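The values are calculated or read from the model by the stated rules, or taken from the named source; none is laboratory data. All of these numbers come straight from a predicted model, not from anything done at the bench. A quick note on method: Cβ atoms are made from the backbone with ideal geometry, for glycine too, and the neighbour counts reach across all protein chains shown. Note: accessible area is taken over every heavy atom of the protein model, side chains too, but ligands, DNA and RNA are not part of it. Shrake-Rupley method; radii C 1.70, N 1.55, O 1.52, S 1.80 Å.
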Amino acid sequence: MKSKSLKIYLISAGIILVLYVIAEANRPRAINWIDTLNHNDKIPFGTYILFDRLTDIYPGAHIVTYRQPVYNVLAEDSVKNSSYIIVAPDVELTETDYDQLVKYVKAGNDVFIGAKYFGKLLKKELKVETRQTFNLNKADSVHFLSPYLNTDKYYGVLKGVGNIFFNDFDTTKTIVIGENAEHGANFLKFKMGKGALYLMANPKFFSNYSMLNFQGREYAATALSFVKNTSQVIWDEYYTTGDDTNDSPMRVFFSHASLAWAYYITLFALLAFVLFEIKRRQRVIPVIEPLSNSTFDFVNVVGQVYYEKRDNANIARKNILYFLSRLRDEFQIKTNSLDQEFKENLAGKFGFDKTFTGNFVDYLNYINEKDHVSDRDLIKLNNFIEEFYTKSR
């Protein structure tokens, strides 16, 4: 009866699980509005479309991706005569990164960084700081200030896409290329040696959502066209995906909400199962007394029998046979004949002096030839054997 109830319970649980999986698979997925700006993400604020169409903006260029810090990438000789693009929510350069970046730009290369936050070091070195505003009435619009472009044309995609601007920067070293409708600079140029560093405060203009909008993709293409079209364009993944040396299989689970929840539910179910099974299956362990050692009793009985019979010769011969058997089994000494060769082997094996060895072997032969062994002879034989064991340790 109990087995039948358990079977019904398992079948019901299986049916419920299958129905849940089917419902979950057919449930409309909520839109993920997280601004990852990752070129592998097809969500609204990923950059899959832009990355896929970079060759339209830079015809003939070879697009190379890197998932390493700026210093590691630019220190390679293979990246000379190239352009460097970073589009990420936040960028935090180290001093070594910045020094290498400046050296790279001064050599005649262009660098484009699109981010909402540019880190403490760029704030210190370039005096740049961003600020965000919220306009609930209309989409945040921006336009270019370059005399080569239509400065009256404004670009707006969605509220929150163009609502970040530079509220502080060094006007003596900076060229303002673009601004928002409230005249807040959102696109800056820093001339360094033969190259230029471009900072864009509205990275969502390069997202999938923006690229599907005519104004958005036109603005993104125009902004990136300021960067020189070189034979090689470097696309930075370090600030969106992370260092490739720290990849972990679990990163796939935790980067998707559904997989992460499945992982947590599995762990919780396993823990609940273990706790439930411990409660149901644990029983009082009975105390089992260890088996008594009857060897000592057996020896006492056998010894008593021999003692009552008083057959010392039989006891002596068995003692000698046991001793010789041990020599053969443990020490591989031939015991066919207790002659001079046996004495030399015994003395050489254990390092005994020849006098003790000779007396011992002679006494063994003496006992073996006697028909009657006295108590005194038996005790002497036992003393000889005990002394042998003592010396051989």
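Could you check segment 155-183 and list, in sequence order, the residues that are small (G, A, S) and either touching a helix residue (DSSP H, G or I) at 6+ places or on another chain (Cβ under 6 Å) or open to solvent by less than 10 Å² (accessible area, probe 1.4 Å) (or both)?
Once the filter is applied, which keeps residues that are small (G, A, S) and either touching a helix residue (DSSP H, G or I) at 6+ places or on another chain (Cβ under 6 Å) or open to solvent by less than 10 Å² (accessible area, probe 1.4 Å) (or both), segment 155-183 yields G162, G178.
Every residue in segment 209-238 that is open to solvent by less than 40 Å² (accessible area, probe 1.4 Å) and either closer than 25 Å to P69 by Cα or assigned to a strand (DSSP E or B) (or both), please.
Passing the criteria: A220, A223, L224, V227, T230, Q232, V233, I234, W235, D236, E237.
Being more than 16 Å from I385 (Cβ to Cβ) and over 60 Å from the mean Cα position of the chain (by Cα) is the filter; apply it to segment 348-363 and report the residue that is least open to solvent (accessible area, probe 1.4 Å).
Within segment 348-363, the match that is least open to solvent (accessible area, probe 1.4 Å) is G348.
Can you tell me which residues in segment 22-50 are surrounded by 10 or more Cβ atoms within 10 Å (Cβ to Cβ) and either more than 30 Å from I86 (Cα to Cα) or modelled with pLDDT under 75 (or both)? Walk me through it before giving the result.
So in segment 22-50, the residues surrounded by 10 or more Cβ atoms within 10 Å (Cβ to Cβ) come out as 22, 24, 32-50.
Correct list: I22, E24.
List the number of the failed condition for Y307; all other conditions in (1) open to solvent by 60 Å² or more (accessible area, probe 1.4 Å); (2) under 18 Å from T390 (Cβ atoms); (3) modelled with pLDDT under 80 hold.
(2)
What's the total number of residues in segment 52-81 that are hydrophobic (A, V, I, L, M, F, W, C) and farther than 14 Å from N109 by Cβ?
3
In segment 364-377, which residues are open to solvent by less than 20 Å² (accessible area, probe 1.4 Å) and closer than 19 Å to K334 by Cα?
If the condition is that a residue be open to solvent by less than 20 Å² (accessible area, probe 1.4 Å) and closer than 19 Å to K334 by Cα, then L364 is the only one that fits.
Can you list residue pairs whose Cβ atoms sit under 8 Å apart, with the first residue in segment 136-158 being closer than 18 Å to F226 by Cα and the second being of a type in the set (K, R) and modelled with pLDDT of 90 or more? Count only pairs 6 or more apart in sequence or on different chains.
H143/K153; F144/K153
If I go through segment 59-88 residue by residue, how many of them are part of a loop (DSSP other than H, G, I, E, B) and either in contact with a helix residue (DSSP H, G or I) (Cβ under 8 Å, 6 or more places away or on another chain) or hydrophobic (A, V, I, L, M, F, W, C) (or both)?
Within segment 59-88, residues that are part of a loop (DSSP other than H, G, I, E, B) and either in contact with a helix residue (DSSP H, G or I) (Cβ under 8 Å, 6 or more places away or on another chain) or hydrophobic (A, V, I, L, M, F, W, C) (or both) number 6.
For residues that are surrounded by fewer than 18 Cβ atoms within 10 Å (Cβ to Cβ) and more than 12 Å from G193 (Cβ to Cβ), scanning just segment 90-113, find the one that is farthest from the chain's Cα centre (by Cα).
Going through the qualifying residues, I end up with D99.
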